[in-house]
1. Exactly one of these conditions fails for B:His140: (1) part of a helix (DSSP H, G or I); (2) more than 14 Å from chain A (Cβ to nearest Cβ); (3) over 21 Å from B:Gly234 (Cα atoms). Give me its number.
2. Kindly evaluate B:Met158 against the criterion of being closer than 24 Å to A:Ala113 by Cβ and either more than 14 Å from chain A (Cβ to nearest Cβ) or at pLDDT 95 or above (or both).
3. Go through region B:293-326 residue by residue and tally those that are within 14 Å of chain C (Cβ to nearest Cβ) and modelled with pLDDT of 70 or more.
4. Quick one: which of B:Leu96, B:Leu114 is in contact (Cβ under 8 Å) with a residue 24 or more places away in the chain and over 20 Å from B:Ala205 (Cβ atoms)?
5. Quick check on this structure: which one of B:Asp102, B:Asp88 is at the interface with another protein chain (Cβ under 7 Å from one of its Cβ atoms), more than 15 Å from B:Ala47 (Cα to Cα) and buried (at least 22 other Cβ atoms within 10 Å of the Cβ)?
6. For the condition buried (at least 20 other Cβ atoms within 10 Å of the Cβ), facing chain B (nearest Cβ under 7 Å) and either more than 22 Å from the chain's Cα centre (by Cα) or part of a loop (DSSP other than H, G, I, E, B) (or both), what is the one hit in C:Val142, C:Val135?
7. Whether any residue in region A:84-94 is in contact with a strand residue (DSSP E or B) (Cβ under 6 Å, 6 or more places away or on another chain) and within 23 Å of A:Gly50 (Cβ to Cβ) is what I want to check.
8. Of the residues that make up region B:183-197, is at least one at pLDDT below 95 and either among the hydrophobic types (A, V, I, L, M, F, W, C) or assigned to a loop (DSSP other than H, G, I, E, B) (or both)?
Amino acid sequence: MDIALQHISKHFGAVQANQDISVSFHGGRIIGILGENGAGKSTLMKILSGFQPADSGEILVDGIPLKAGNPLAALAAGIGMLQQDPLDVPSFTIIEDFIYGQPPGRRVNGRAAFTLFRETCQRFGFDLDPDMPVSQLSIGQRQQLEIVRLLALGVKTMILDEPTTGISAEQKSVLFNALTELAHSEGLVILLVSHKLEDVIVLCDEAIVLRAGKLVGQVEMPATTAQLVSLMFGQVLAPQTRSIVPLGEPSLKLENVTLKGKRITIENFTLNIRRGEVVGLAGLDGSGQELLLRSVAGLTRLHHGAVYVNDRVMTGRAYRDFMAAGVIFSAAGRLEEGLVSGLTLTEHTALVGQGAVIQWTAERERTAARIQHFNVRGKPESRIEALSGGNQQRFLMALLPETPTLLSLEQPTRGLDVDSARYIWEQLLSRRSQGTAILFTSPDLDEVVAYSDRIIVCYSGKLFEIADASRVTIDELGRLIGGAFP
Amino acid sequence: MNEELINILNSIVANATPLVIAGLGETITERSGVVNLSLDGSLALSAMAGFVAALGTGSVAVGMLVAMLVGAGIAAIVAIGNIELRQDQVAIGFVLTLLCADIAQFLGQDYTGLAAITLPQINVPLLSEIPIVGPILFEHSVIVYVSYVLIFIMWLGMFHTRGGLALRAVGDKPETAFARGTRVNRQRYIYTLIGGALVGLAGAAYSLAIKPGWSNPPAMRGDGWIALAIVIFGGWHPFRVVLGAYLFAALRALSSAIQRSPDIQIPFVLLNMLPWLLMIGTLMLVSGGVIDRLLNLMPRSAQKWMRNFLRSEPPAALGTRFDADG
Amino acid sequence: MKPGLPRRIAFGVLPVVASLLITSVLILLVGSSPVEVFKTIFEGAFRNSNAFASVINFWIPLTLVSIGLTITFSAGLWNIGAEGQVIMGALFASWAARTFVLPSPIMLPLEVALAALGGALWGFVVGILRTRFGVHEIFGGVGLNAIASVFAIYLISGPWQPPEGGGAQATAPFPDYALIPDLSPELPIGLFALIILIVSIFVVYFALRGTRWGLELKATGKNPRSALLLGVPTTRVMLSAFMACGALAGIAGSYRVLFTYDSLRQGISGGIGYLGVLIVLLIGARPLWVPVISFLFAAILAGSTRLRISLQLDQSLAGILQGTLVLIVLLSNGLRQRLLERGQEKPVPPQQITTTMEMRQPTVTTAPTETAHE
């Protein structure tokens, strides 16, 4: 199979996501699509798989032009995409999701479906129970389901968008073996979108690099990290330096705490976080980090045990009390949990202010000052949803108190471009040097290792502490989050 | 089992039937992601329209058809208002429920208290001779048998056909449905109209069978809200919705039996409040997660096929709009 | 002429015309004449000072309820239970009228205060059902409305029945000192109540625009989860919204029982709770517009009472006029936006399109706000 993309361009508002990209892919190869966040990789792949129409350009599949903007046309042409959040139906069972979308002729509970499913799973070593509801699967399992489904539909080109985020090392190796076999034995075109160089170097036959919407390079493997990095960034990035900050007294303590979440329980542990300390939480989705982050801020009740903030008992108190004590939680979904769409920047400022009556002029001035200080591209009267993701996160930072006691952050740089991500960490580190403790999660192990003093790995409700983050490698961390606790 | 008890049970089945039909109709609509809040007004208007049409043409069949068309028409307004015109389903539905009740009262003012024309009663041969069960289930107006068939078709369709998969996907995760080739909004139109037609049929079930004729205030007032609550109580599963309808009718029958009995002295006021207290109570039960906890107590193998029946979560995309862009 | 002005006028006038047309069709269907009907309604509202007074008589409690509803709608809540809150206010005021013997200047404020309390209490129940027990406020409201109504009937036909019997229609009239007095024989309007109304409008307006509580309501209405994380006590905010609206509805109920009628009777709330919801649906959470639209609806209501006498037509026509108007406005809002999107015109930036629905509508089946306690 041969795919040719010719002069693909796409813009979203003022942003040129893809600029005149022309490239070809051939069957039997695994091709890495590299680039930093916001480089245009996902957009290009969505165009290829029909989930987005391009503004201009053509796609030829074995010489035949592909109808644009139609996922079913792409599927008919043999192109399937595994999205970062796999597109399945949570209320279905695995087998129902497998069948839904299949061409007619396979009854819902028919033998043929079950057999096909089981056979495909066995071939790749996927362990999936057909009657399990999709809502209870981990991301890795949902990926496997989608891969099996796409294969059953007869795709000849499979696109995987950031598949290794949030899966364990073990699941990753199962996946990579499957992909290798699909490409080299079956002749599929495998496109792997990733910003993880080590994955691409290990798995791919070649790689293309996107930067700021343009195709900047096509490289055969093996290539060195330095080569790829220079293509991705245009220069070699100096690693962010962190000043050494003396750690103070514990500002937050969880003592003999048991947490019970919807699907996970963390039993009987004690955690002390000291002033100025950055603790990173690593683990697969649903291993307990989210539960921990929220319990620390009083958003989830402790099943057992006590929580102290600056030696004050805070067990069972409302989140507002935690806020008053300086413990602030920030969720991954900025607009869903943290900012109010429809409210202006000034209204947000007023909302977190004091006093029963609002002095609008004063609030407007305060907002303008914050906008300036935090370099937010927006005006006090702008609605928050009109700002870009990076600016929203900056504004969210601006709403925080000056020196909080502890910041409990869920994926603080999710969806941000490099610039904004660095800025956010600058802000966080500056607060840290004034004594703020930081507890955060990130699916990006690089981020976890780069910024943490200490790392806690969560797996299935068990916690494993790495006392010195500078001593651990990404590889080891990857194995730990898969449960390989020594 | 004595005669009177059998009669009571028989009347429970009959009285529950309109709730069953309306509940099933709304279940389909909500499974596709649309809330048809106009149910209460819709029942009234379609009941009146069906009655008037039947009187006018002398044909019950025509009456039923008209009622179904009215129900579907009202549902169409909800669907169009939501899908095409991007307005909130709840708002449109609420205005419609008031409006349709008013229209029914206004247009029906000359028809109150008129002699009724009803669907035929049939005792199903053979089946109605089964001891106990026979007289309870098989000596009814035709509409009751229609409801039996509906229950079965609904269950079969929803869980054992491809169409059912598409329906559930549309209400749960329309993005996925779209990616799998389902035309989301078209499905929503279709199922909202079907649901509306069933609501219309339920209206006809009142005015042409179970509570024949038309009165002011209408006999079925408030039942639309009960039906909406039953759908929630029923976890959007046909069997459980039907169970809810029968339970409700049974409790109503119990309440009137108590009212009539000279032995038990419970103040009327409490008994009249009972349906509403029940409605609130069952909703509290469902939201409190009691049923979910029940599911988790069961052995794994039983969970497998009970899961659909005991689920209490609404279709995840219920009440939201789907805009297929790009 | 400003570009788009003709279109804007058209969209303003269209709903009115359309609802008149639809209503006319229905009138024709029952064999009457639309012209006659509309003339009758107009006369019923405006033919003399008595008629006008009856319009005001509807207008005062209707506006009170609607003002209250702007509070709950601001918070994204569907307070269908307003009807029951009106009834509760009426019940509490009736109880006060029957229980206390005090001079008017003390009696009236006392009754109104108790009525507000009763309405607030009933609003609180709806709120608790929603926040604590996850029962959506539409169901809670409908259920509690019915329960309040049953309770009122019970009182009227039982403990509070008039000495001569008389079926379950009304209690005996309340003593004079308990009733709100007329402004003058020619102008039977309750001045006391009018003052309360005007004060309420301004208080609510100010509360929604200028207080933190008002902003918290707005934030909770748009995104309860984010509001919580920004420090807003969302449960408390929602409960206070239900109670504030309930209080105003309760006061409306006291007006009905202490002025409009001189006793408690069946149907004391007269559908003004539901009508208030329609009004707020029509214009959104804008306290200053409420009295205007409410006046229109009150005129329709007052005028329609004449229909039965003059033309033997059912009063539900009023509801039809009001309902079709709101429905068509809602639909035409959508139509206008769609046409704008499709048309050759440059799409207007969001700030300029004033949709009447500024708040986020909750779905009917939302679960309780969160397991997170605040």
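1. (1)
2. no
3. Within region B:293-326, the subset within 14 Å of chain C (Cβ to nearest Cβ) is B:311-323, B:325.
If we keep only those that are modelled with pLDDT of 70 or more too, we end up with B:311-323.
Residues flagged as within 14 Å of chain C (Cβ to nearest Cβ) and modelled with pLDDT of 70 or more within region B:293-326 amount to 13.
4. So the residue among B:Leu96, B:Leu114 that is in contact (Cβ under 8 Å) with a residue 24 or more places away in the chain and over 20 Å from B:Ala205 (Cβ atoms) is B:Leu96.
5. Working: B:Asp102 fails: more than 15 Å from B:Ala47 (Cα to Cα).
Only one candidate qualifies: B:Asp88.
6. On the way: C:Val142 fails: either more than 22 Å from the chain's Cα centre (by Cα) or part of a loop (DSSP other than H, G, I, E, B) (or both).
Among C:Val142, C:Val135, only C:Val135 is buried (at least 20 other Cβ atoms within 10 Å of the Cβ), facing chain B (nearest Cβ under 7 Å) and either more than 22 Å from the chain's Cα centre (by Cα) or part of a loop (DSSP other than H, G, I, E, B) (or both).
7. Yes.
8. yes
The values are calculated or read from the model by the stated rules, or taken from the named source; none is laboratory data. Keep in mind that this is a model prediction, so the values were computed, not measured. Cβ coordinates were reconstructed from backbone atoms using ideal geometry, including for glycine residues, and neighbour counts include every protein chain displayed.
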